[in-house]
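Asks: Below you will find the structure I want to go over with you.
Derivation of every value follows stated rules applied to the coordinates shown; laboratory data play no part. As the structure is a computational prediction, the values presented were derived from the model and not from experiment. When we count neighbours, we look across all protein chains shown, and the Cβ atoms used for this are built from the backbone with ideal geometry, even at glycine.
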Ligand SMILES: Cc1cc2nc3c(=O)[nH]c(=O)nc-3n(C[C@H](O)[C@H](O)[C@H](O)COP(=O)(O)OP(=O)(O)OC[C@H]3O[C@@H](n4cnc5c(N)ncnc54)[C@H](O)[C@@H]3O)c2cc1C
C-alpha cells in the first residue's frame, strides 16, 4: 500500500523486536494499514537478538499468569511458525540439574508447577542424566527432564518481519518515537504519523513510551545478561542444561545453538539503560565459574565471542499485555522478558484477540501469505544442488565468509530482500557471514564492498549497524 504524509494507519507498532514483528505478521493477514517503527536501523536490535534462544517448554512460569498461558501455547505454535517461516529450530531435551537434596526438592517443586501448567515433564536419576550428558559434573543427583527446543531468535524476528513486509506492512527503521499526541479518534506520533491504534512493544523502553500518553502504570528495570559463545568444534552438550532457578532467575545455562556453537550464560545484573550492552570481566568470570560447576572440564579455549542482552523486567511479575487505562486504543505489550521469545507466536495471537474484541474490523486479506522462504545456503546444498545453483547464479561459487561458507549470492540476496540488509551487521544476522571462528576478520571488508556496490553508495558510507557507525574513516 502506498502511503504519504496524509496516510492514517490502522495500527502503528512501536518496536521491531520479536514481539512487534510477530504481531505485525499476525495482523498482516487482515486488510489493515500497518506500520512498524523502530529507533534502531534494523529489526531485532534489542533483546530479541541477544538471548538464550530457548523455546522453554512452559513448566517454569507461575501457574495462572499470562506468562504461563502464553509460554505453553507459544511453544506449541512455534512448531508451525518455524515451518511456515523456514527458521532454524531444533528439538532437544532440557535438564534442570540438582547437585544436592535441597536442589532436588526445587526440582520436585518445579515438577508440581509443570503439572499445574499442564506441561509434561519427568524427574530422572543421576545415571539417566549422565547417559544423556556424559561430560557433566558427576556430583549431579538427578534432574527435571522436559522436551524443549532452540530457535534462531534474530532469524525468527527477521523472518516474521519479511513475511509482514511482503503482506504490505511498512517498516520505518531509524525512527525514534519521542512524542505522541492523543486526539479523539487518532494518535499523532512525532508530528508525522497518524494512527488509530498504537501497540507499545518497545521492550526496555516500553514504560517510557507509555509515559508519552501520561500512562505511568508500570515501570521497567533493565537487567543485563552476559554470554560467551564457543566455536563449533567445542560443542560438548546435547541438551539445554540449567542449574536450579533462584530468585534472580533461571541461572547460568549451557546449550547448543541452532548453528552448532555452544552458548554459555547469562548472569543477571541491573543496569542503567538498554545501551549498557558491554560485557564485563566480572560478568564473564561469574558465567564461566557457574558453567564449570555444570561441566568441570570446561576451559576458556574456544570462546569466539562475548555478548550481552538486556531483559525488560517489569514492576509486576507478569507480561503486561493490556490496553492502557488512559486510552482504549493504546495496547501495551510490555515487560516481555523470558520466556518472551518462546511465547511470541502466542503473544501475537493474544494481541489479535484483544484487538478484535476492542472493535477493530479484521477482514482477511486474500493476497496475504503465512509463508516465507529462507535464503538458500550453498553450504547446505548437495553436490548436485550446488552445481545447479552455481549454473543459475555464478555468485554461489564465490565464497565470501570462509568460516561459515557463505557465498556472495547469499549476501546479495540478503541485501535485496524485503527489509534488506543495509549494514555489515544486518548481513551477518541474515546470512551468518562474520559469525564464524574469525568473527568477520576476513570477510567484513568484502561484505562492505558488496554493500557499497549493491546499494550504490560510496564505501565510506557503509556502516557496521546503521546511523553513524561508518566503518571507514575519511582521509583528513
Ligand atoms: C539475557 C536474556 C536471555 C533470554 N533468554 C530467553 C530464552 O531463552 N527464551 C525466551 O523465550 N526468551 C528469552 N529472553 C527473553 C526474550 O529475549 C524477550 O522476551 C524478547 O526478545 C522480547 O522481545 P520484544 O520485541 O518485546 O523486545 P525487544 O526485542 O527488546 O524489542 C524492542 C524494540 O523497541 C525498540 N524501541 C525502544 N524504544 C523505542 C522508541 N522510543 N522508538 C522506536 N523504537 C523503540 C528497540 O530498538 C527494540 O528494537 C531472554 C532475554 C534476555 C535479555
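Asks: Take the alpha-carbon centre of the range 138-192, take the same for the range 251-318, and report the distance between them in whole Å.
Replies: For the range 138-192 versus the range 251-318, the Cα centre distance is 22 Å.
Asks: At 4 °C and a viscosity of 1.567 mPa s, what translational diffusion coefficient does Stokes-Einstein give for the range 378-461, taking Rh as the Kirkwood radius over Cα pairs? Give it in µm²/s as a whole number.
Replies: Rounded, D is 101 µm²/s.
Asks: Which shape class, rounded, prolate or oblate, goes with the range 48-88 when its Cα gyration tensor gives a ≥ b ≥ c as root eigenvalues, a/c under 1.5 marks rounded, and past that a/b bigger than b/c marks prolate?
Replies: oblate
Asks: If you don't mind, another one. Pairs of Cα atoms under 8 Å, at least six residues apart: use those to get the relative contact order of the range 143-259, whole percent.
Replies: Result for the range 143-259 is 17 percent.
Asks: Next question. Let me know the Kirkwood hydrodynamic radius for the range 183-269, please, with Cα pairs as the basis and the value in Å to one decimal.
Replies: It is 16.6 Å.
Asks: Continuing with this model, one more query. Mind listing P(r) for the range 91-130? All alpha-carbon pairs, 10 Å bins, whole percents.
Replies: 27, 56, 17
Asks: Can you classify the range 257-377 as rounded, prolate or oblate using the Cα gyration tensor, where a ≥ b ≥ c are the square roots of its eigenvalues, rounded means a/c under 1.5, and otherwise it's prolate if a/b beats b/c and oblate if not?
Replies: Oblate shape, in that a/c is at least 1.5 and b/c is the bigger or equal ratio.
Asks: Something else: Going 7 Å from the Cα of residue 391 along its beta-carbon direction, which residues of the range 412-434 have the amide nitrogen within less than 20 Å of the resulting point?
Replies: In the range 412-434, the label zone of residue 391 (backbone N under 20 Å from the point 7 Å along Cα→Cβ) covers no residue.
Asks: While we're here: Please report the relative contact order for the chain, taking Cα pairs under 8 Å with a sequence separation of at least 6, and give it as a percent rounded to a whole number.
Replies: 19 percent
Asks: Taking the Cα centre of each part, how many Å lie between the range 14-39 and the range 59-115?
Replies: If we compute the Cα centre of each part, the gap is 26 Å.
Asks: Follow-up. Per residue Cα convex hull volume for the range 329-476, in cubic angstrom?
Replies: Dividing the Cα hull volume of the range 329-476 by its residues yields 203 Å³.
Asks: How much length would be gained if the chain were fully extended between residue 469 and residue 102, taking 0.36 nm per residue of separation minus their Cα-Cα distance, in nm to one decimal?
Replies: In short, 127.1 nm is gained.
Asks: A follow-up question, please. Add -39500 (n - 2.57) for each DSSP H run of 4 or more in the chain, then divide by its residues: what number comes out at 222 nm, to the nearest 500 deg cm²/dmol?
Replies: One gets -9500 deg cm²/dmol as the mean residue ellipticity at 222 nm.
Asks: Assuming R0 = 30 Å, can you tell me the calculated FRET efficiency for the pair residue 367 and residue 76, based on Cβ-Cβ distance, to the nearest 0.05?
Replies: Efficiency, rounded to the nearest 0.05: 0.60.
Asks: Once you have a ≥ b ≥ c as the square roots of the Cα gyration tensor eigenvalues for the range 1-124, tell me rounded if a/c is under 1.5, and otherwise prolate or oblate according to whether a/b is larger than b/c.
Replies: Prolate.
Asks: Along its three principal axes, how long is the chain when you only count alpha carbons? Whole Å, largest extent first please.
Replies: Here the Cα extents, ordered largest to smallest, are 67, 55, 48 Å.
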